[in-house]
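Beneath this line is the structure, given in structure tokens, with notes to follow.
The values are calculated or read from the model by the stated rules, or taken from the named source; none is laboratory data. Just so we're clear, the structure is a prediction, and the values are computed from it rather than from any experiment. Positions of Cβ are generated from backbone atoms using ideal geometry, with glycine treated the same way; all protein chains shown enter the neighbour counts. The protein model used for the area step is the full one, side chains on, heavy atoms only, and it has no ligands, DNA or RNA in it. Shrake-Rupley method; radii C 1.70, N 1.55, O 1.52, S 1.80 Å.
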Amino acid sequence: AGMDPATTSKSNHCLDAAKACNLNDNCKRLRSGYISTCNRELSATEPCSRRKCHKALRQFFDRVPGEFTFRLLFCSCRDPACAERRRQTIVPSCSYEDKEKPNCLDLRGACRADHLCRSRLADFHTNCQATFQSLTNCPGDNFQACLGSYAGLIGFDITPNYVDASTTSITISPWCSCKGSGNMEEECEKFLRDFTENPCLRNAIQAFGNGTDVNLAPKIPNPAATALPKVEKSPVLPDDVNDSNTAYDTSVISTCSSLQEQGLKPNQSKEQSLCYSQAQLTTDVMPDQKTFMDPKAGSSRQRDSRILLLIPILIPALGL
């Protein structure tokens, strides 16, 4: 009673996401694991093991389906309490923040030195590269690929996160700055803007939170590529669920079909003898149905009948 309706569970999508995770054994176990690791104080001067925290985060985002992880990372918020919960998803005091902000180019260099981080960063630049040739500013209008690439960066020194608990604007950034870049400042600023001023990433996060990304997919999908699973919205959960934050012989057909689809003729091989037409199969399998007549075969039969008629005439003439 007396509470702001905006702070209730029904409108706090980030709280709903946490509850949904708690109802899945795998999600709950791995989430509780990284929360515990990232909050474990080592000493008065070392609040946590950043390395172990990052490893636990990578395991969570690699092993838990996007149905749960995306909801935790990209839930929509209408009030600061919800937005702060979203910002705290990755326990930023250990995994994200540090005493001082390093230079962004140094952070990028460290990422490129690690083969896995380098691959994840390349995926992010590919899938979240802002383009004005699509309605959503994302390559191929594929929000899912961008969000997946973003999640793939979490658990490295270059981990991105929300910079504040604002509900009016979404700003994402790694924990770094471009101070002290010297003559590389322009390049540093450009790298940082790939996160802080990226319309593709911002639109993808907002569309997921609003539920408007469901029908968006690549306009021209590559049949060789594996399609990303669509994230299904889980129903709103009851309010009495605990939040763990508080506790911290068809090969022949295939061959013929593929040859026909490509408009190619089979080679002089066994494929040729196997690729019959439908009419030929009908005649051979069901002789009573005379639905097919090969002109060449017909002329051959007429020629044979003429020869048979001439045999009685030729025999006396030859004196046989």
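Figures for the structure shown
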| item | result |
| --- | --- |
| Conditions (1) open to solvent by 20 Å² or more (accessible area, probe 1.4 Å); (2) touching a Phe, Trp or Tyr at 6+ places or on another chain (Cβ under 9 Å): number failed by residue 63 | (2) |
| Only one of 138, 188 that is of a type outside the set (A, V, I, L, M), farther than 30 Å from residue 43 by Cβ and at pLDDT below 95 | 138 |
| Hits in segment 48-82 - residues which are under 25 Å from the mean Cα position of the chain (by Cα), closer than 18 Å to residue 19 by Cβ and assigned to a helix (DSSP H, G or I) | 60, 66, 67, 68, 69, 70, 71, 72, 73, 74 |
| Verdict on residue 99 being among the charged types (D, E, K, R) and either touching a helix residue (DSSP H, G or I) at 6+ places or on another chain (Cβ under 9 Å) or surrounded by 15 or more Cβ atoms within 10 Å (Cβ to Cβ) (or both) | no |
| Flag if residue 69 is touching a helix residue (DSSP H, G or I) at 6+ places or on another chain (Cβ under 6 Å) and crowded, with 22+ Cβ neighbours inside 10 Å | yes |
| Matching residues, segment 109-131, being open to solvent by less than 30 Å² (accessible area, probe 1.4 Å) and either in a helix (DSSP H, G or I) or under 24 Å from residue 181 (Cα atoms) (or both) | 111, 117, 121, 124 |
